[in-house]
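Below: the structure, in structure tokens.
The values are calculated or read from the model by the stated rules, or taken from the named source; none is laboratory data. The structure presented is a predicted model; accordingly, all values stated were derived computationally and were not measured. Ideal geometry is used to build each Cβ from the backbone, glycine not excepted, and the neighbour counts take in all protein chains shown.
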Amino acid sequence: MTRGFLFRNGTPGSYPDSYYAATANKVAPFPALEGDADCDVCIIGGGFTGLSAALELAERGLDVVLLEAHRAGWGASGRNGGQAGSGQRRDQDWLERAVGREDAHHLWDIAQQSKALVKERVARHAIACDLKPGILHVNHKQRFVADDHAYVEKLRSEYRYDDIRAVSDAEARAMLGSTLYYGGSLDMGAAHLHPLNFALGLAEAARAAGARIFERSPAADLSAGDPASVRTAQGRVRARFVILACNGYLDGLSPRVAARVMPINNFVIATEPLGEDRARQIIRDDVAVADSKFVINYFRLSADRRLLFGGGETYSYDFPEDIKAFVRPYMLRVYPQLADARIDYGWGGTLGITMKRMPYFARPAPNVLNASGYSGHGVALATLAGQILAEAVEGTLGRFDVMTRIPTRAFPGGTRLRGPLLVLAMLWYGLRDRL
């Protein structure tokens, strides 16, 4: 089964022409699966979730096989904005209404653990991925600022989170060198990093722990049973458990998950190196930035002082013909002073979203586990999801059960109508961003 988003854009088995791929750490490639293999756990997907689960399970002494259709970190894990934010994708006010105050506090704690796990793994495995502290959230409408500041106070008082503080209109503009935005919040407990190098570091650590990783080995079919069976073009894996870590690339492997997790495309550009002085003029304190738009702009500086800027989404299979030209206008609305800056890289990636923009943890079959639908908030949470899934394999279900209690409805009309309906919704939200 050849799945649309998985093979539609780019060259099979090759990383996209991105800044991340151009500056990736050297990692020996993994072989393709040939023949049959037996294991305790078969993981489908070599992004943050799958690699983190492989590392965790191998360190616990289980025999693990991971199947990746292309290369480790090839998908959204190696293409994203690199922001490891605090909290869940929806704020604590929404979570308190959706799941109650007790579970909302559990979900906050889980999100805190996700950031800590990223930092711990970077340190323990000496992963060179330019990890730095700080995410600045700014508002594109002045009327949003009061609510943003009230939320900061809620996190500080009710959730005992002291790493965040309010930022005024004037301070935000001084920090960014842009007049487009108003005040917001600065979260120094959050972080940003080179996502592909982080994924590659997880892959190396998992290999060292004994996990068997196979690249260029797309899963063609999954049969739940005892044992479960996963078929590829060149072989078959039999396993006591299967972990689905496919996110936006799942399609037909699990209709139940596919009905709730929809793939969309997002795009990033990288300017030429700007030099230290000019880089500090646009992001003074070298923090990552995200704004309040529904179709979000997110940006930060690279280690060599390029601006990495993400903006714009599409809902069809195909990437724009000229990604640089597609994203550049979004960047220039924030930084018109970069009109003369050369754009060296432009790339796209496919992520998974859910109706409520919260991740979907589920058990589609008794021995099949899923975590996906991070909705653009997956750098930290997807990493922790691998650990949570590993716990669930061994029968420790506390955190897994908390995540499964998040309400996750299927898209109306299932996989056939979700795309057209989402396009209509996004046209509305895009209009609302501009009004």
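Every listed requirement among (1) over 30 Å from ALA22 (Cα atoms); (2) surrounded by 23 or more Cβ atoms within 10 Å (Cβ to Cβ); (3) modelled with pLDDT under 95 is met by LEU369 save one, (3). In summary, GLU204 fulfils each of the numbered conditions (1) in the same structural domain as ASP38 (by TED's automatic domain parsing); (2) part of a strand (DSSP E or B); (3) under 26 Å from the mean Cα position of the chain (by Cα); (4) surrounded by fewer than 22 Cβ atoms within 10 Å (Cβ to Cβ) with the single exception of condition (2).
Within segment 181-195, not a single residue is surrounded by fewer than 17 Cβ atoms within 10 Å (Cβ to Cβ) and either more than 23 Å from VAL379 (Cα to Cα) or hydroxyl-bearing (Ser, Thr, Tyr) (or both). Filtering segment 216-242 to residues that are closer than 14 Å to VAL64 by Cα and crowded, with 21+ Cβ neighbours inside 10 Å leaves VAL230, VAL237, ALA239, PHE241, VAL242.
Restricting attention to segment 141-165, the residues being touching a Phe, Trp or Tyr at 6+ places or on another chain (Cβ under 6 Å) and within 23 Å of ILE282 (Cα to Cα) number 2.
So, PHE294, is that one under 30 Å from LEU244 (Cβ atoms), out of contact with any Leu (no Cβ under 9 Å at 6 or more places or on another chain) and assigned to a strand (DSSP E or B) or not?
The answer is no for PHE294.
Restricting to segment 298-328, give me the number of residues that are part of a loop (DSSP other than H, G, I, E, B) and either of a type in the set (Lys, Arg) or more than 21 Å from PRO263 (Cβ to Cβ) (or both).
Step one: list which residues in segment 298-328 are part of a loop (DSSP other than H, G, I, E, B), which gives 302-306, 315-322.
Of the ones still in play, those that are also either of a type in the set (Lys, Arg) or more than 21 Å from PRO263 (Cβ to Cβ) (or both) are 302-306, 322.
Qualifying residue count, segment 298-328: 6.
When ALA69, ALA58 are screened for being within 16 Å of PRO218 (Cβ to Cβ) and either surrounded by 24 or more Cβ atoms within 10 Å (Cβ to Cβ) or among the hydrophobic types (A, V, I, L, M, F, W, C) (or both), only ALA69 passes. If you take the residues in segment 270-286 that are in contact with a strand residue (DSSP E or B) (Cβ under 6 Å, 6 or more places away or on another chain) and among the small types (Gly, Ala, Ser), which one is surrounded by the fewest Cβ atoms within 10 Å (Cβ to Cβ)? Among those residues, the one meeting the criterion is ALA279. PRO407: in a strand (DSSP E or B) and over 21 Å from ALA84 (Cβ atoms), yes or no? Considered against the rule, which asks whether it is in a strand (DSSP E or B) and over 21 Å from ALA84 (Cβ atoms), PRO407 comes out as no. Condition check for PHE299 on (1) touching a helix residue (DSSP H, G or I) at 6+ places or on another chain (Cβ under 9 Å); (2) farther than 18 Å from HIS137 by Cβ: one failure, at (2).
On inspection, ALA219 does not qualify as assigned to a helix (DSSP H, G or I) and either touching a Pro at 6+ places or on another chain (Cβ under 9 Å) or assigned by TED's automatic domain parsing to the domain that holds ASN25 (or both). Of ASP147, ASP163, all but one fail to be touching a strand residue (DSSP E or B) at 6+ places or on another chain (Cβ under 6 Å) and of a type outside the set (Lys, Arg); the exception is ASP163.
Of the residues making up segment 312-334, one or more are touching a Ser or Thr at 6+ places or on another chain (Cβ under 7 Å) and modelled with pLDDT of 95 or more. Restricting segment 105-129 to residues that are more than 18 Å from the chain's Cα centre (by Cα) and under 19 Å from ASP162 (Cβ atoms) leaves a set whose member that is surrounded by the fewest Cβ atoms within 10 Å (Cβ to Cβ) is ASP109.
With LEU338, LEU417, LEU389, LEU424 as the choices, which residue is modelled with pLDDT of 95 or more and surrounded by fewer than 23 Cβ atoms within 10 Å (Cβ to Cβ)? Spell out the reasoning first.
Values: LEU417 fails: modelled with pLDDT of 95 or more; LEU389 fails: surrounded by fewer than 23 Cβ atoms within 10 Å (Cβ to Cβ); LEU424 fails: modelled with pLDDT of 95 or more.
The match here is LEU338.
Kindly indicate whether any position in segment 249-269 is farther than 17 Å from GLY349 by Cβ, assigned to a strand (DSSP E or B) and modelled with pLDDT of 95 or more.
At the first step, the residues of segment 249-269 found to be farther than 17 Å from GLY349 by Cβ are 252-260.
Applying the additional criterion that residues be assigned to a strand (DSSP E or B) yields none.
Among the residues of segment 249-269, not one is farther than 17 Å from GLY349 by Cβ, assigned to a strand (DSSP E or B) and modelled with pLDDT of 95 or more, which makes the answer no.
Could you check how many residues of segment 206-244 are aromatic (Phe, Trp, Tyr) and farther than 19 Å from GLU394 by Cα?
So the count comes out to 1.
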